[in-house]
Amino acid sequence: MMVKIVKEFRHILTSIAKVFILAIFCVLSGVVIVLPLWKWAVSSPKTYTAGILLCLALYLLFILFRFVRHSSPKRILRRFLFLILTLGEIWFFVFSVFEFRRLFAFLSLFIYGALAIFVSVLFKDENKK
């Protein structure tokens, strides 16, 4: 009986220790990663913005090249058209709302849906059924 109690107590203490170790790891990694970025952003906002935008652009280029390498031209065109449609819809929706033309913004959602369905049917993958 006493052995069972000691095992259970040891299990509870190790669980609590794991939680504390994880919390300490999170705090230390946050200090190591976030503190230099914060210092850089405060001391030189223009270079920080340029650096972050450069990292984002490189990441997006990596994703684009990986997608293009593994896709057919038809699929690439379909994704590009969806991207253009989505960005255009977001721009038109925000512009319409800020210009107090909420009816046009609401109707643009239906038009976007219809165009998305049209592009999806027009460039349907033959491999998928």
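With the checklist (1) in a helix (DSSP H, G or I); (2) free of Cβ contacts under 8 Å to residues at least 24 places away in the same chain in hand, flag the one item S71 doesn't pass.
It fails just one condition, (1).
Yes or no: S72 closer than 30 Å to A116 by Cα and surrounded by 10 or more Cβ atoms within 10 Å (Cβ to Cβ)? Lay out the reasoning, then the answer.
Values: closer than 30 Å to A116 by Cα: yes; surrounded by 10 or more Cβ atoms within 10 Å (Cβ to Cβ): yes.
So S72 passes the test.
Taking the residues in segment 98-107 that are modelled with pLDDT under 85 and open to solvent by less than 100 Å² (accessible area, probe 1.4 Å) as candidates, determine which candidate is nearest to the chain's Cα centre (by Cα).
Here the residue is A105.
Quick one: count up the residues across segment 108-126 that are outside any helix (DSSP H, G or I) and open to solvent by less than 80 Å² (accessible area, probe 1.4 Å).
The qualifying residues number 2.
Quick check, is R79 closer than 22 Å to L115 by Cβ, of a type outside the set (S, T, N, Q), in a helix (DSSP H, G or I) and open to solvent by 60 Å² or more (accessible area, probe 1.4 Å)?
Values: closer than 22 Å to L115 by Cβ: yes; of a type outside the set (S, T, N, Q): yes; in a helix (DSSP H, G or I): yes; open to solvent by 60 Å² or more (accessible area, probe 1.4 Å): yes.
Yes; evaluated as a whole, the condition is true for this residue.
Of the residues L61, L13, L22, only one is more than 30 Å from S108 (Cβ to Cβ), open to solvent by 90 Å² or more (accessible area, probe 1.4 Å) and assigned to a helix (DSSP H, G or I); which?
On the way: L61 fails: open to solvent by 90 Å² or more (accessible area, probe 1.4 Å); L13 fails: open to solvent by 90 Å² or more (accessible area, probe 1.4 Å).
Sole residue among the options that is more than 30 Å from S108 (Cβ to Cβ), open to solvent by 90 Å² or more (accessible area, probe 1.4 Å) and assigned to a helix (DSSP H, G or I): L22.
Of all the residues that make up segment 25-43, how many are surrounded by 10 or more Cβ atoms within 10 Å (Cβ to Cβ) and polar (S, T, N, Q)? Before you say what the answer is, go through the steps one by one.
Restricting attention to segment 25-43, the residues satisfying the condition of being surrounded by 10 or more Cβ atoms within 10 Å (Cβ to Cβ) are 25-31, 33-41.
Going one step further and asking which of them are polar (S, T, N, Q), we end up with 29.
The number of residues fulfilling the criteria is 1.
The values are calculated or read from the model by the stated rules, or taken from the named source; none is laboratory data. Given the structure is predicted, the values throughout are model-derived calculations rather than measurements. Backbone-built Cβ (ideal geometry, glycine too); neighbour counts: all protein chains shown. For accessibility, only protein heavy atoms count, side chains too; no ligands or nucleic acids. Shrake-Rupley method; radii C 1.70, N 1.55, O 1.52, S 1.80 Å.
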